[in-house]
Amino acid sequence: MTDLLQVLPDFSTQPYSHLLPSLEKNQVTTADLLTLDAVDIAKRAQVPVAEARRLTDAVLSALRGQLGLQHDIEISKKPSLASTGQELIGRWSTISTLDDGLDAALGGGIPTGYLVEVTGESGAGKTQFLLTLLLSSQLAPPAGLSKSALYISTEAALPTSRLAQLLKSHPRLSSLPDASRPSLSRILSIQTPDLESQDHILRYQLPVAIARHNIGLVVLDSVAANYRAEFSQDPSAKSGAAAMAKRSAQLVQLGSLLRDLARAENIAIVVANQVADRFSPTPAAPSAAVSRTTSLNSNQSNSNNKPNNGDTNGSRPASPSPQPQPQPEKRPISTPRPSPQLLSTPDPLTLDHQQRWFTGWGDLAPSSSSNDDGIDRPQMLKTPSLGLVWTNQIACRIALIKEVVYSTEQDEQARKAEGGRDGDEGGGSGPDIAGWRRWMRVVFAPWAGPTEGRGVRFEICGGGVRSIGRGEAKVIESGALESATAAASLP
Amino acid sequence: MASSSGQASARLSSSSSHRLPTVSASQALLNLKASGSSAISTGSKQLDLLLCSNGIQNRSVTSGEGLRRGQITEVHGSPGTGKTTLGMQTSVSALYGGDRVVWVDAGTQLAGPRLNELLTSFKPSNGKQISSSAPVTPRDDDIRSRFHHYIAPTLAHLLAMCTAPMFLPAGTALLVVDSVSTLFDNAYPRNTDDRSNGNRNNDGKWAASRRFSVMNDLMSKLSKLAALNNIAVLVTCQTATRMRAGLGAVLLPALSGTEWDNGISTRLVLFRDWPPPAHKDMSDADRQLLGKVRYAGAIKVNGVTLADIGTVGNVVPFTIQAHGLADFDIPSSSQTVQYHTSPVRPPKRTYAEIADSDGEEDEYGWGNGDEDEVLAAEGLVDDALAIDLTATEAGP
């Protein structure tokens, strides 16, 4: 049987050991066993019909036993896969980010039992965010789980000096008495240099380690690195489709492995993911989104009403665009529409359009992007790595957004930033970089709504990530700290 | 309502389900009239109306709108569009109506606190339906005990569940299978390794055909459950991409196939779009809601296909708030979006000139493998035939 061990790890295969090799050879899965008639199974795998039927019955009753749907056989333990509403509602524990603002956006913190992704550019604060979780999972409930944490790194080793710094300088950690304070000895670390060892470690070593060390949080930093290395090496275009199919099959497997582990062990699994630049929709895409993105550049007032006329596709001239050619063929088609248009584009299900809402970048409506800060600038759009296949695997995506502050900026925040360090990450061209602003936003989560607007503004300081209110806008000051951040998040 | 259908389903599920009790047509009509609501509200009035707007305006027999009992409804959409919340809100409606709900998680687990939030803040949208079946407000723990939650880690678990006689307790009105596509992607990964060789070997054909056979088998099991127990079945499905020539990738339901599509009587797509423009006379509370708007499009309603897959059909907006699903009022909200092929501007440079154009879609994985799935769907009949032939040849 190709997948019997994954479906039913505790199933006693002893009485059927003579059947299994043949079933395996003929690719009969457990699902096939349950859907095909025993005669068909027997024909396909060349096994006796009665034996095949006996195996099917045994598998079926074992499955139902797990689900609590089989009462005639005595089950020693409670069915693990069934629960009532009360049990479901009562079963909830979270790991705090140790910051009230971020916790509020996350609906209390990172819950156990789920696969959560934290995505963002390098230097956006992913590793800082994860390091804090490694420490806070050791705290007593409700802030943590009173359990150890495991850090699986594919890029850089666990930054222990930064962890020690966090422990010393975070206000909520440093004030704790020694007995209840998290310690570095309860953070385990594994490094996985390539995909093969990553798979082996996750599949075989991780479950053992979780049980042995009482682990409540597993951090994988980052999930994409090994995939990128493995799949970017093959230059031949012909095998591209096959390689992609293989990769998505592996991603599906990885997702289900991590999800099942999180659920079965009731631990939180948090993975970091990288991003790539996203370009504006292709010229072939419907023009509405494109032209509105360009109208974002125009220095319009912040009023909510005025630019929206342009958004409805109806009367484009109401919002004068700096681009002289807003696709003139568009207008004669859209004008005859009667009432206010419900949708902004006639083809809303394109990936280019929908990914604005599940990647974390690009969903700010043009009218609202000149937002709280009063800055009217197109957002740098990013797309998390590994695509929609991976997005379908995760329960929750948290995007950490980093935006540059130029020193030539005319507004107040940039002035405050004067005396800050020069940007060394910005690439050199253009105005000097005075600092960075960062936001955290929940893109989607089963337990919390998406964060509105740009998200929760935060900064990275000696004590880790800290949310800041709308009024106080600070730019990171300490140069030494920033280099520590960069060292922690860059390979 | 709950009692009559409850007895019926108890009788059916306890005995063998191979034979249906004989009911005369006049008796069936009486039963239908007496059974009260034949649908479960989704929490949004507009969405409920959308779910029974198939052009046949015959409301004399059916009362109530929403998810139809006895039928399978599929909802698909990208992450964060509200598929699970729609299921939860419908569950809450059914629970407050005095019925039981069976929820199967195939992908990510249901968040308990979120369900609790919806349960505690439930406001019946139309009072008459609730008051007729449950005159007194049920107690909290009573409601919660009528919610049955299962986890299906693999496809085999789900199949074993569907055939178990005690799967649906008496009085069940709604069965939700959340993220059913995850199970199929796990059990039968889309594998195109062999295809590049030109001729696939027998094993590849077998796996490809099994994906569809099991899908059809599950569909027939679900249909049977829905019909025999007179329950509404809600299946949520994730999305996959398919490249369209010259138009970019489009999101499609991750599960499709002729029989699967035929088995579904109502198919909704949930998606997001920019929030509608704010009116001048809009209150601040309404403005807050603008960012929470989602859209639901009806692809197929009560067996009538209204729009192609990949388009949206009739669209209604709704919001997802802390207390759950709610209407969102836009003047003249339900209307057909007109489709037109906007003239395509040719690319400024040919693809060959763009440095890494051929590797682009591969790198981000947006447009993988799904064309192959569709191809496999079309080639299914031939594959299955071929297997049958080989099987008979190999047989005695």
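Values quoted throughout were computed directly from the atomic coordinates according to the rules given, and no laboratory measurement underlies them. Only a predicted model underlies this, so the values are computations on that prediction, with no experimental measurement involved. Positions of Cβ are backbone-derived with ideal geometry, glycine not excepted, and every protein chain shown enters the neighbour counts.
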Mean-position separation - Cα centroids, the stretch B:250-302 and the stretch A:138-196, in angstrom: 42 Å
Amide H within-cut-off set for A:GLY107, under 5 Å, with H built and near neighbours excluded: none
Contact order normalised by residue count of the stretch A:4-67, Cα under 8 Å, 6+ apart, percent: 33 percent
Cross-link table A:LYS126/A:LYS402; A:LYS382/A:LYS402; A:LYS25/B:LYS221; A:LYS246/B:LYS221; B:LYS45/B:LYS224, entries beyond 21 Å C-alpha to C-alpha: A:LYS25/B:LYS221; A:LYS246/B:LYS221; B:LYS45/B:LYS224
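In peptide B:181-189, what is the residue-averaged number of other protein chain Cβ atoms found within 10 Å of each Cβ? Write out the running numbers ahead of the final one.
Details: counts 1, 6, 2, 2, 10, 11, 9, 4, 8.
For peptide B:181-189, the averaged partner shielding equals 6.
Given the C-alpha atoms of the stretch A:35-155, compute the convex hull and give its volume per residue in Å³.
Values: hull volume 26.4 nm³, N = 121.
Taking the convex hull of the Cα positions in the stretch A:35-155, it is 218 Å³ per residue.
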Karplus-derived HN-Hα couplings along the stretch A:121-132 (A = 6.51, B = -1.76, C = 1.60, θ = phi - 60°), whole Hz, x at Gly and Pro: 5, 5, x, 7, x, 4, 5, 4, 4, 6, 4, 4
Long-range HN-HN contacts of B:ALA240 with modeled amide H, under 5 Å: B:LEU252, B:ALA254
5 angstrom amide H check on B:ALA249, placed H, neighbours 5+ away: A:LEU351, A:ASP352, B:ARG244
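Please compute, for peptide A:59-66, the average count of beta-carbon atoms on other protein chains lying within 10 Å of each residue's beta-carbon. Could the numbers behind the result be given before it?
Values: counts 2, 5, 2, 2, 10, 8, 1, 5.
The per-residue average across the peptide is 4.
Taking beta carbons within 10 Å but only from partner chains, what does the mean come to for residues B:143-153? If you can, show how the numbers build up before the last one.
Numbers: counts 2, 7, 4, 2, 7, 6, 8, 8, 9, 3, 10.
What the average comes to for B:143-153 is 6.
Order by neighbour count: A:PHE279, A:PHE11, fewest other Cβ atoms within 10 Å first, most last. Present the calculation step by step, with values, prior to reporting the outcome.
Values: A:PHE279 10, A:PHE11 17.
Sorted ascending by nearby Cβ count, the order is A:PHE279, A:PHE11.
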Exposure proxy order (Cβ contacts within 10 Å, fewest to most) of B:HIS148, B:HIS323, A:HIS18: A:HIS18, B:HIS323, B:HIS148
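May I ask you to derive the relative contact order of the stretch A:84-215, considering only C-alpha pairs under 8 Å and at least 6 residues apart, and to give it as an integer percent?
Details: 145 pairs, mean separation 29.2, N = 132.
Reported relative contact order: 22 percent.
What is the ratio of the Cα radius of gyration of the stretch A:4-67 to 2.2 N^0.38 Å, with N the residue count, to two decimals? Show your work: numbers first, answer last.
On the way: Rg = 10.8 Å, N = 64, 2.2 N^0.38 = 10.7 Å.
My calculation over the Cα atoms of the stretch A:4-67 gives 1.01.
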Sorted by Cβ density within 10 Å, fewest first, the residues A:GLU155, A:GLU24: A:GLU24, A:GLU155
